[in-house]
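K.L.:
Below you will find the structure I want to go over with you.
The values are calculated or read from the model by the stated rules, or taken from the named source; none is laboratory data. Note that the coordinates shown come from a computational prediction; the quantities given were computed from them, not determined experimentally. All Cβ positions, even for glycine, are placed from backbone atoms using ideal geometry, and neighbour counts span all protein chains on display. Each accessible area value is taken on the protein alone, full model and side chains, heavy atoms only, with ligands, DNA and RNA left out. Shrake-Rupley method; radii C 1.70, N 1.55, O 1.52, S 1.80 Å.
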Amino acid sequence: MSSSTTTTTATGARTEEAAALIGGARERIDALDDRIIGLVQERMAVSAVIQEARITSGGRRVNLSRETAVLGHYRDALGKPGTALAMTLLELCRGRV
C-alpha cells in the first residue's frame, strides 16, 4: 500500500489534497482538545475552592441557583447541546461526594 493510499484511508479523504487538509485540521483539533481539557481541569480546581469556602462557612456544597445560571449561559451560547455540555461540566466540578 502506498503512503498516499495510507494517508487517504486514514482520513477518509479521496484525494491527497483533502487528506492533507484533514490531517492539518485534525492536528488543530487535537491541540484545541488539549486546551479544553486544561481549562476544564482549571475550572474543577476553582470550583473546589468555592465549594470548600461554602462548606467551611456552613453552606451547602452545591448552589443550585448558580448551576441554573450556568446551564442557561451555555444553552444561550450553544443551544440545546450546550445544556448537556454544561451538565457534564457541572458534574465534573461538583467533586466527589
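K.L.:
Kirkwood Rh over alpha-carbon pairs of the chain, then Stokes-Einstein at 37 °C and 0.692 mPa s: what D in µm² s⁻¹, rounded to an integer?
P.N.:
The Stokes-Einstein estimate is 199 µm²/s.
K.L.:
Where the accessible area of the stretch 48-97 is counted over protein heavy atoms with a 1.4 Å probe, how much of it, in %, is carbon and sulfur?
P.N.:
Summing carbon and sulfur atoms, their accessible area is 60 percent of the total for the stretch 48-97.
K.L.:
Enter the accessible area per residue of the chain (Å², integer; probe 1.4 Å; all protein chains in place).
P.N.:
Each residue of the chain exposes 77 Å² on average to a 1.4 Å probe.
K.L.:
Could you tell me which trypsin sites (Lys or Arg not before Pro) in the chain are loop residues by DSSP with no more than 14 other beta carbons within 10 angstrom of their beta carbon?
P.N.:
14, 60, 61, 96
K.L.:
³J(HN,Hα) across the stretch 19-24 via Karplus (A = 6.51, B = -1.76, C = 1.60, θ = phi - 60°), whole Hz, x for Gly/Pro?
P.N.:
4, 5, 4, 4, x, x
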